[in-house]
Amino acid sequence: LLGMSIRLSYGLPLAILATSPLLLWLTRGTDVPGQRRAPGVIVTYALLFFLGIFPSCVWSHLAFVVAPILVLVAVLGDRFEAALLARSRGAAWAWRGVFVLLVGVAAFGTARTGQDIRRWYPVPLELPRASLRVSSTQAELLRGVTRFVEDCSESSASIFVAPDIPLVYFLTDRLNPSPYDLLIPGNMDSDLIIRRLEEEHTKCLVYNPRMYPEFPPFEELFPELSLYISTKYRLAAVIGRGSSKWYGLVRRSGA
């Protein structure tokens with residue numbers, strides 16, 4: 001069920017976007033005088049918005065592009081209904097029934113999603129800079145990393161977090177000495193990060209050993225930075241437990 005849901009969540013928006021110009025042309029006879037440009041503008045905007053803002057293939061990122069697709073569904077659905085109504089009133093009412101059914105299914109899914117979110121994230125974080133509800137695993141990690149940073153560094157000192165948990169900067173109210181909040185392969189300068197860490201003499205570092213599943217291990221992606229961290233820093237704390245663990249690192253004496 002989960003796999004099918006993920007495939008549908010990708011496939012349906014892509015199918016709607018791909019077929020929207022064709023549907024717009026096929027239903028051109030339903031254009032209302034004086035409003036003929038509006039549907040074309042909406043279709044063009046939805047296509048460009050999707051291609052311009054869809055950040056990656058990560059499933060959750062689909063949330064960024066759902067809004068214009070829903071607007072597109074409403075506009076094309078209205079034109080499709082008008083085209084059916086011109087041919088058969090019965091077909092138009094059948095289409096309305098299908099549309100109401102789909103809206104009902106979506107409303108039911110939305111209600112269930114709200115219940116699931118409350119069940120998945122039942123623990124108040126209760127930190128000075130965040131009080132939202134999270135999972136028990138997230139609460140343990142975020143509370144633990146906050147304690148580590150507060151014990152390890154002065155409030156005015158910088159810390160460094162690698163590769164993918166920039167939330168730690170906000171929760172601990174610490175500055176990042178580098179210009180990168182996320183270490184993502186591509187336009188990233190490891191030498192610049194190393195230089196900034198040396199200039200700031202950054203004492204504390206938080207490391208997530210579970211690199212993004214889409215990428216190779218950290219030491220393969222960033223060998224110079226990985227070597228620098230392992231040479232200049234030592235393990236001071238293991239935050240979390242089981243498969244969800246972060247490492248608190250401290251600069252070695254004399255490094």
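Listed by first and then second residue, the pairs with beta-carbon distance under 7 Å, at least 6 apart or on different chains, first residue in the stretch 184-206 and over 15 Å from residue 222 (Cα atoms), second surrounded by 13 or more Cβ atoms within 10 Å (Cβ to Cβ) and of a type in the set (Ser, Thr, Tyr), are 196/178; 200/158; 202/158; 203/153; 204/153; 205/233. Checking the structure you have, find out if any residue of the stretch 28-38 is open to solvent by less than 50 Å² (accessible area, probe 1.4 Å) and among the β-branched types (Val, Ile, Thr). There is at least one residue in the stretch 28-38 that is open to solvent by less than 50 Å² (accessible area, probe 1.4 Å) and among the β-branched types (Val, Ile, Thr). Checking each residue in the stretch 124-160 for being without any contact (Cβ under 8 Å) to a residue 24 or more places away in the chain, open to solvent by less than 90 Å² (accessible area, probe 1.4 Å) and part of a strand (DSSP E or B) picks out 124, 134.
Examine the stretch 80-91 for a residue that is more than 22 Å from the chain's Cα centre (by Cα), acidic (Asp, Glu) and not in a helix (DSSP H, G or I), and state whether such a residue exists.
As a first pass, look at the stretch 80-91 and keep what is more than 22 Å from the chain's Cα centre (by Cα): 80-91.
Narrowing the set further to residues that are acidic (Asp, Glu) leaves 81.
Filter once more, so that each one left must be not in a helix (DSSP H, G or I): none.
No, every residue in the stretch 80-91 fails to be more than 22 Å from the chain's Cα centre (by Cα), acidic (Asp, Glu) and not in a helix (DSSP H, G or I).
Can you tell which of 183, 205, 221 is farther than 25 Å from residue 147 by Cα and open to solvent by less than 80 Å² (accessible area, probe 1.4 Å)? After applying the criteria, what remains is 221. The lone criterion from (1) of a type in the set (D, E, K, R); (2) in contact (Cβ under 8 Å) with a residue 40 or more places away in the chain; (3) within 16 Å of residue 240 (Cβ to Cβ) left unmet by residue 173 is number (3).
Anything in the stretch 13-45 that is part of a loop (DSSP other than H, G, I, E, B) and either touching a residue at least 60 places away in the same chain (Cβ under 8 Å) or of a type outside the set (Gly, Ala, Ser) (or both)? List them, or say none. If you could, list the steps in order and put the result at the bottom.
Of the residues in the stretch 13-45, the ones part of a loop (DSSP other than H, G, I, E, B) are 27, 31-36.
The answer is 27, 31, 32, 33, 35, 36.
Kindly list, by first and then second residue, each pair from a residue in the stretch 219-245 that is more than 18 Å from residue 182 (Cβ to Cβ) to a residue that is part of a strand (DSSP E or B) and at pLDDT below 95, limited to pairs with Cβ atoms under 6 Å and residues at least 6 apart or on different chains. Every condition considered, the pairs that remain are 238/245. Of all residues in the stretch 112-123, those that are free of Cβ contacts under 8 Å to residues at least 24 places away in the same chain have Cβ atoms under 6 Å from Cβ atoms of residues that are in a helix (DSSP H, G or I) and open to solvent by less than 70 Å² (accessible area, probe 1.4 Å), 6 or more apart or on another chain, in 123/139.
Filter the stretch 237-255 down to residues that are open to solvent by less than 50 Å² (accessible area, probe 1.4 Å) and of a type in the set (A, V, I, L, M, F, W, C) and give me whichever is modelled with the lowest pLDDT.
Of the residues in the stretch 237-255, the ones open to solvent by less than 50 Å² (accessible area, probe 1.4 Å) are 237, 239-240, 244, 246, 248-251, 255.
Adding the requirement that they be of a type in the set (A, V, I, L, M, F, W, C) leaves 237, 239, 246, 249-250, 255.
Numbers: 237: 96, 239: 96, 246: 96, 249: 97, 250: 97, 255: 55.
Top of the filtered list is 255.
The values are calculated or read from the model by the stated rules, or taken from the named source; none is laboratory data. All values derive from a computational prediction rather than experimental measurement. Reconstructed Cβ throughout: ideal geometry from the backbone, glycine too, with neighbour counts over all protein chains shown. Side chains included, ligands, DNA and RNA excluded: accessible areas come from the protein's heavy atoms. Shrake-Rupley method; radii C 1.70, N 1.55, O 1.52, S 1.80 Å.
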